[in-house]
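Shown next, in structure tokens, is the structure this report addresses.
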Amino acid sequence: MTDPDALPVEPWCLREPSLDLARLAQRESVFALSNGHIGLRANLDEGEPFGIPGTYLNSFYEQRPLPYAEGGYGYPAEGQTVGIVTHGEVLRLTVDDEPFDVRYGELAAHERVLDLRAGTLTREVDWTSPAGKRVLVRSTRLVSLEHRAIAAICYEVEAVEHTRVIVQSELVANEEVPAQSGDPRVTALLKDPLEALSQDVEQHGAVLVHRTRISGLTMAAGMDHEVTAPGEVSEQTVAHPDWARTTVTCVLEPGQVLRIVKYLSYGWSSQRSMEAVRDQAAAALTGARYEGWDGLLVAQRAYLDDFWDGADVEIDGDPVLQQAVRFALFHVLLAGARAEGRALPAKGLTGPGYDGHAFWDTEGYVLPLLMYAHPQAAADALRWRAETMDLACQRAATLGLPGAAFPWRTIRGQECSAYWPAGTAAFHLNAVIASAIERYRVITGDQSLEQEAGLQVLVQTARLWSGLGHHDRAGAWHVMGVTGPDEYSAVADDNVFTNLMAARNLRLAAAACARNPAAAAELGVEDDETARWLAHAGAVHVPYDAGLGVHPQAEGFTSYDVWDFEAFAGRYPLMLHAPYVQLYRKQVCKQVDLVLAMQWFPDAFSVEDKARNVDYYEKITVRDSSLSACSQSVMCAEVGHLELAHDYAHEAALVDLRDLHGNSRDGLHMASLAGAWSTVVEGFGGLREHGSLLGFDPQLPAGIERLTFRLRRQGLRLLVEVTHDEIRCTLRDGTQGGSMALLLDGERVEVTTDNPVTRPLTPCTPLLPRPTQPPGREPAPHG
């Protein structure tokens with residue numbers, strides 16, 4: 001997969017050697033910074049030109065009505081849209097009388113670097129104004145991982161000749177946002193969503209407080225400055241309802257530098273007073289000045305050093321995938337590091353796509369990575385889900401069901417999906433959440449999440465499934481009228497993925513009740529209820545087409561007519577070119593469904609089943625979802641199609657770096673980025689969870705010479721090294737010490753801190769030839 005306009009390939013950074021205005025919006029997403037609480041798109045320091053301006057606070061949103069041509073009972077009445085909050089990145093530079101704008105004058109050099117170890121975005125510019133005055137501009141920005149409420153920018157202007165320099169540092173609310181594309185997956189456009197409450201001028205900056213007009217959320221944004229320059233410097237701050245400005249003026253001689261460190265603080269609340277939110281932002285600024293720019297840099301590097309020490313992936317032989325996987329790990333960390341009780345949106349805080357909503361992607365793709373790489377962030381995200389339990393129970397009651405029905409898409413816990421076949425009917429979301437709670441317990445060894453909040457989620461989701469399913473006359477248990485992961489097959493019966501997830505949910509709930517009998521009794525759980533759960537799970541129906549020797553992804557799916565792929569060649573995604581009523585009645589998959597079931601339930605399918613199923617579904621999967629390529633990669637690797645798996649790994653990892661879906665301008669695809677890690681660690685590293693045991697059965701494609709990855713498990717750090725000949729597992733020092741039991745190629749072994757374990761690899765020979773894909777949907781070769 002080659003792209004002449006791709007960014008240079010470097011192992012620990014992303015470098016943009018020159019400014020490409022045609023790709024400005026996409027690069028604003030790629031070079032964005034966040035800490036899970038604050039998100040800054042990589043807008044240029046001077047504010048213009050821009051693709052999509054954006055500063056975001058996690059879960060800060062505005063309500064909007066959901067229009068229906070024809071409403072129905074239980075349809076959500078209101079949606080939630082991520083609000084672009086007060087923009088604080090702007091530092092407008094005037095050189096003598098000319099505003100610095102990259103579109104005018106002479107731009108001799110413009111480079112930006114996203115440093116994955118330092119956690120900073122740096123920019124270096126060599127610009128000559130239309131009047132002939134040349135300046136060198138350098139900036140470095142960060143969103144602090146150590147200090148949740150703080151972002152900062154160090155902005156330097158160096159004169160090449162005698163120059164008067166004016167810098168206008170701003171806070172801007174209700175910024176005008178350009179109209180978005182016609183793609184229905186992007187955000188709704190909000191007009192002036194913020195109402196001004198107060199404006200305070202501080203000694204070296206200002207604090208603005210606003211409230212959303214409908215949702216009633218209060219937010220404060222503050223800025224403060226440290227100015228260093230030779231000679232006399234003028235500094236003045238003014239504030240108005242929707243903007244504040246600190247103006248710095250000085251005269252520079254050749255080689256002299258004006259340096260401004262701009263500290264930004266953000267906070268919001270749905271309950272605290274305006275004064276309290278304002279004071280929070282002011283206090284955060286005081287803390288930032290106390291820490292200082294150098295202190296923030298040191299703390300950022302230390303945070304990331306600790307992260308990489310337990311999460312890094314090294315890929316020898318494929319530098320493109322190496323860079324892309326580290327980029328993916330970095331952004332998944334930024335999405336969740338300091339979310340702390342808030343949702344993890346599908347786009348993180350990198351753009352407005354999907355209205356800023358969180359989906360099942362979080363628990364299904366993102367949290368499994370964080371459980372191994374940053375367990376506390378995973379725990380925080382799961383606690384957020386548990387805190388929305390009352391809303392989920394209310395939603396279930398509206399649907400006429402027991403237990404809890406969590407929302408398909410949301411910001412604060414209310415259902416925001418206006419299309420019920422792809423939303424409400426996708427009940428597997430509930431089992432994915434329940435499964436994530438159990439995975440967290442097993443991977444981390446931390447029982448507190450289950451005891452504090454997880455048990456209730458497991459019980460109420462099990463009750464949902466008990467109400468959804470039924471036994472037929474022969475005793476088999478069915479779940480009818482659901483939408484599985486493949487959104488091109490809606491309201492189907494006995495979706496294999498959904499049924500297996502439901503059975504797992506029921507078993508996990510029963511086991512959790514047995515571990516916590518007193519707490520289960522408080523929830524009204526009795527022995528006969530858990531017995532019913534286990535009976536349902538034990539009788540779950542898993543459809544199988546004996547004639548074809550494959551599993552239909554739902555009952556009868558393999559008897560549908562096959563989609564006319566030739567007629568739609570080049571017209572993807574299909575949902576923008578064909579009506580859903582046609583998609584629903586044909587054999588065509590937007591994304592993996594049955595294949596994902598095999599990945600998540602490795603012990604539920606035979607080796608032969610996996611090979612035949614992969615072969616069958618490759619031919620009808622069009623990958624109109626960014627969630628697809630990563631799972632196709634994992635399962636192709638497992639059945640021996642290693643080069644195809646390598647192609648898919650590149651697609652998953654490069655979805656945003658190469659803008660493969662054409663919509664990275666609206667934000668990064670967090671689930672696909674997490675999936676890129678999955679392609680390497682689960683696909684080529686062969687990681688699988690077998691109950692409480694962690695197993696590895698690796699296979700490397702020809703283009704990867706050596707793979708090394710690090711995991712955190714139950715307080716210990718595990719190092720796994722794979723070559724074409726062997727696998728070596730080393731247990732590093734941890735908080736608990738001791739040993740770890742593993743399955744290596746099916747053999748149970750014990751690895752200790754003193755005794756690494758090495759085993760030879762058993763080559764995997766594919767049972768079937770390399771499968772084909774729909775015309776025009778073959779993955780690009782990774783070379």
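The values are calculated or read from the model by the stated rules, or taken from the named source; none is laboratory data. Quantities reported herein were computed from a predicted structural model and do not represent experimental measurements. When we count neighbours, we look across all protein chains shown, and the Cβ atoms used for this are built from the backbone with ideal geometry, even at glycine. In case anyone asks, the SASA skips ligands and DNA or RNA and just uses the protein heavy atoms, side chains included. Shrake-Rupley method; radii C 1.70, N 1.55, O 1.52, S 1.80 Å.
What lysines does K590 reach when the alpha-carbon gap must be under 23 Å and sequence neighbours fewer than 8 apart in one chain are set aside?
Hits, sequence-local ones excluded: K347, K610, K619.
Can you compute the helix-only [θ] at 222 nm over the chain? Use -39500 (n - 2.57) per DSSP H run of at least 4 residues, normalise by all residues, nearest 500 deg cm²/dmol. Intermediate results must be reported in sequence, preceding the final value.
Numbers: 17 runs with 217 residues, N = 783.
Dividing the helical sum by the residues of the chain leaves -8500 deg cm²/dmol.
Please compute the alpha carbon radius of gyration of region 569-627, then divide it by the globular-protein estimate 2.2 N^0.38 Å. Two decimals is fine. Present the calculation step by step, with values, prior to reporting the outcome.
Numbers: Rg = 13.2 Å, N = 59, 2.2 N^0.38 = 10.4 Å.
Dividing the Cα Rg of region 569-627 by 2.2 N^0.38 Å gives 1.27.
Between E48 and E10, what length comes free when the chain is fully extended (0.36 nm per residue of separation minus the Cα-Cα distance, one decimal in nm)? Spell out each step's value before the answer.
Values: separation 38, 0.36 × 38 = 13.68 nm, distance 2.84 nm.
The span from E48 to E10 would gain 10.8 nm if fully extended.
Averaged over every viewing direction, what's the projected area of the C-alpha convex hull for region 98-171? Give it in nm², one decimal, please. Write down the numbers at each step before the final one.
Numbers: hull surface 23.8 nm².
Approximately 6.0 nm², given one-decimal rounding.
Scaled to the compact-protein estimate 2.2 N^0.38 Å, what is the alpha-carbon radius of gyration of region 245-328, rounded to two decimal places? Before the final figure, lay out the partial values.
Values: Rg = 20.2 Å, N = 84, 2.2 N^0.38 = 11.8 Å.
This ratio for region 245-328 stands at 1.70.
Using a 1.4 Å probe over the heavy atoms of the protein chains, calculate the carbon and sulfur portion of the accessible area of the chain as a whole percent.
Numbers: 13310 of 27280 Å².
C and S fraction of accessible area: 49 percent.
Please work out the average accessible area per residue across region 1-77, using the 1.4 Å probe convention, and give it in Å². Before the final figure, lay out each step's value.
Values: 2770 Å² over 77 residues.
Spelled out: the 1.4 Å probe surface of region 1-77, per residue, equals 36 Å².
Quick check for you: with a 1.4 Å probe and neighbouring chains kept, what is the accessible area per residue of region 226-298, in Å²?
Numbers: 3470 Å² over 73 residues.
Result: 48 Å² of accessible area for each residue.
Per residue, how much accessible area does region 330-483 have with a 1.4 Å probe, in Å²?
It amounts to 26 Å² per residue over region 330-483.
Report the normalised scattering of region 610-687 as log10 I(q)/I(0) at q = 0.15, 0.17 Å⁻¹, calculated by the Debye formula with identical scatterers on the alpha carbons.
-0.47, -0.59
Taking region 69-128 on its own, what percent of its Cα-Cα pair distances exceed 18 Å?
Numbers: 1148 of 1770 pairs.
Distances greater than 18 Å cover 65 percent of the Cα pairs.
Sticking with the crude label model, points 7 Å out along Cα→Cβ, report the distance from I214 to E232 in nm, one decimal please.
With each label placed 7 Å out from Cα toward Cβ, I get 5.3 nm.
Span-like helices, the chain: DSSP H, alpha-carbon axial extent 30 Å or more, mean Kyte-Doolittle -0.5 or greater, which ones?
Working: long enough: 274-311 (41 Å, -0.19).
Counting only whole DSSP H runs, the qualifying helices are 274-311.
Along Cα→Cβ, 7 Å out, is where each label goes; now give me the distance between the ones at Y290 and A474 in nm to one decimal.
Distance between label points: 7.0 nm.
In a Debye calculation with equal point scatterers on the alpha-carbon sites of region 331-393 and no solvent, what is log10 I(q)/I(0) at q = 0.21, 0.25, 0.29 Å⁻¹?
Computed log10 I(q)/I(0) values: -0.79, -1.07, -1.33.
For region 293-418, what's the radius of gyration and Dmax over Cα atoms, in angstrom?
Here Rg and the maximum Cα pair distance are 17.2, 57 Å.
R15: accessible area at probe 1.4 Å, nearest 10 Å²?
Answer for R15: close to 60 Å² accessible.
Let's test the formula: R0 of 45 Å, r as the Cβ-Cβ distance of R759 and A276. What FRET efficiency results, to the nearest 0.05?
Details: r = 58 Å, r/R0 = 1.30.
The computed FRET efficiency comes out at 0.15.
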